[in-house]
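What follows draws every value from the coordinates through simple rules; no lab data is involved. From a predicted model like this one, the values you see are computed outputs, not experimental measurements. Methodologically, a virtual Cβ is constructed for each residue, glycine included, from the backbone with ideal geometry; neighbour enumeration extends over all protein chains shown.
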Number of protein chains: 2
Amino acid sequence: MNDGVPALQVVAPDGVPAITSSTNLPAVLTPILANLTWPDGSVGITQGDVVVLASKVVSKAEGRLIKAPDREAAIDAETVRLVASRENADGSRLRIVQNRQGIVMAAAGVDSSNTHPGTVLLLPEDPDASARALRRGLAARLGGVRPGVILSDSAGRPWRDGVADLAIGAAGIAVLDDARGRTDDAGRPLEVTVVAVADEIAAAADLLKGPTGGRPLAVVRGMGRVVTHEDGPGARVLNRTGAQDMFALGTREAWERGRAGDPLP
Amino acid sequence: MNDGVPALQVVAPDGVPAITSSTNLPAVLTPILANLTWPDGSVGITQGDVVVLASKVVSKAEGRLIKAPDREAAIDAETVRLVASRENADGSRLRIVQNRQGIVMAAAGVDSSNTHPGTVLLLPEDPDASARALRRGLAARLGGVRPGVILSDSAGRPWRDGVADLAIGAAGIAVLDDARGRTDDAGRPLEVTVVAVADEIAAAADLLKGPTGGRPLAVVRGMGRVVTHEDGPGARVLNRTGAQDMFALGTREAWERGRAGDPLP
């Protein structure tokens, strides 16, 4: 053991079954969480642990797997605002949009990569509400332990190749670790101040979850400092749109508006 | 112990001293790494571990703390291309640029938040080369263990509040975990395929490092599958600029070019 030295443990247990709209998610996850085995030899889940679940699992439990002969129409239906689009090499269209959940992501988060042809999986309608419900259901079954809950999804990033997982829903997590008011090593106020800790936890969990989604569940131990008693505002506050968003449109889209004499959005 | 269940351990040891341009970084870090204590009770560093070090520590060791009476001029000197800019509430200017290292980030990565007034800390000139040198120096002292090395820095993200750590330098890491060619649970080719695993490892490590930089070092155990014998191309391949970049200019900058009749960049 390393008492006093900050440490994280992350485990991705086996045993999450195939999820359908008739699955009671807290009931299915509780025995898995109660039997977690940790590198330090401890067993189970305890106060301060964070449960990170792939949002697609929650979507399936919430009946968000729908028939959609036309994937593009399904994306249309989830889109509030187009940010940027581009033709892919295979002739399909990549669309980056703000979706109904308020998140800017490719294809509005509509997933057809792991579903039967003719069906798509939509994001939970309100991922923070889903996280709160999962937390409530787990706490009721875990004898008073109220873990933090994060629902994760992978997203591309401007200027970076590859995807990384983000927190799209959260309950019981201080999603922004706010250092404003603290000072640096020299005693002066810190400049870069707010860490998106929920996104970093989602990223850490993704390291074990694997690209095929075979391990949709991971639990992070060691972040008790950001696990709150109250559910809090959720991951919604991580979305930056509106006046603070310097990338509300893609370069080409913004340029075309200027050329056409249209105003800035 | 949880044999067979994927698990990560991350530790952020005490004991990294103040670093100056006369510090021999591998020599300073080796005893700390050799005495790491892990949640599972093991001690030291072993093959497959990933050393994640805040890039500012490397910068200091490389003499990149420089006199700069004018921070803006220092940013100019590190800038290859302006992406977007905005006036902050306090009248200062936020500039997002592509820097000499090829990374798009605020203020070109020039750090004045933890330095004496009149000085700034520049990024390492070639963070991948710095990571390789650190790896070589560690391996020479660690009796044949060649850990993966990641140099991390925090960065803002479009559409997300808060900063998260990225891998800006890497050696001995398959920075993109490429699932292309693999199939999903139903046997069809995976669509979303390439995970920026080096960025996710940097994010995981940042969870322990703390906003004041008091713990600039973290070590991640459990990602041996992405630790390579060869140093590899480094984190440079994570930079996406050029034709694939849909956000080469901020919305206002692109709109103004269109309005002025200037061509798309």
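Couple of notes before you dig in:
- Nonlocal amide H pairs with A:GLY250, under 5 Å, H built at 1.01 Å: A:ALA84
- For the protein assembly as shown, the calculated P(r), taken from all Cα-Cα distances in 20 Å bins from zero up to the bin holding the longest distance, is 22, 57, 20, 0 percent.
- For A:VAL163, residues with placed amide H under 5 Å, excluding near neighbours: B:VAL194, B:VAL195, B:ALA196
- A simple spin-label model places the labels of A:HIS116 and A:LEU264 5.0 nm from each other, with each point 7 Å out along Cα-to-Cβ.
- Exam field: A:ASP90 pseudo-label spacings to other copies (7 Å along Cα-Cβ), nanometres: 4.9
- Take B:THR228, move 7 Å from Cα toward the beta carbon, and the resulting point lies 4.2 nm from the same point in each other copy, nearest first.
- Computed per residue of chain B from DSSP H runs no shorter than four, each worth -39500 (n - 2.57), the mean residue ellipticity at 222 nm is -7000 deg cm²/dmol.
- Within a straight-line Cα-Cα reach of under 13 Å, B:LYS60 can be paired with the following aspartates and glutamates, leaving aside sequence neighbours fewer than 8 residues apart in one chain: B:ASP111, B:GLU125.
- Pseudo-label separations to other copies for A:SER22 - Cα-to-Cβ vector, 7 Å, nm: 7.5
- Using the empirical formula 2.2 N^0.38 Å as the baseline, the Cα radius of gyration of chain A reaches a ratio of 1.08.
- Magnitude of the charge dipole for chain A, about its Cα centre and with charges confined to Cβ atoms of Lys, Arg (+1) and Asp, Glu (-1), is about 360 debye.
- Principal axis analysis of the Cα atoms in segment A:65-122 yields extents of 29, 28, 16 Å, listed in decreasing size.
- FRET efficiency, 1/(1 + (r/R0)^6) with R0 22 Å, evaluated for A:ARG100 and A:ARG136 via beta carbons: 0.40
- Between B:SER21 and B:VAL43, the modelled label-to-label distance comes to 3.9 nm, taking each label 7 Å out from Cα in the direction of the beta carbon.
- Between B:ASP90 and B:VAL145, the simple spin-label model (points 7 angstrom out along Cα→Cβ) gives 4.1 nm.
- Placing unit charges on each Cβ (+1 for Lys and Arg, -1 for Asp and Glu) gives chain A a dipole about its Cα centre, and among A:VAL237, A:ALA203, A:ALA129 the Cα reaching farthest toward its positive end belongs to A:ALA129.
- Counting 0.36 nm for each residue step from A:ALA129 to A:GLU256 and taking away their Cα separation leaves a gain of 41.9 nm.
- Computed on chain A, with alpha-carbon pairs under 8 angstrom and 6+ residues apart, the relative contact order is 24 percent.
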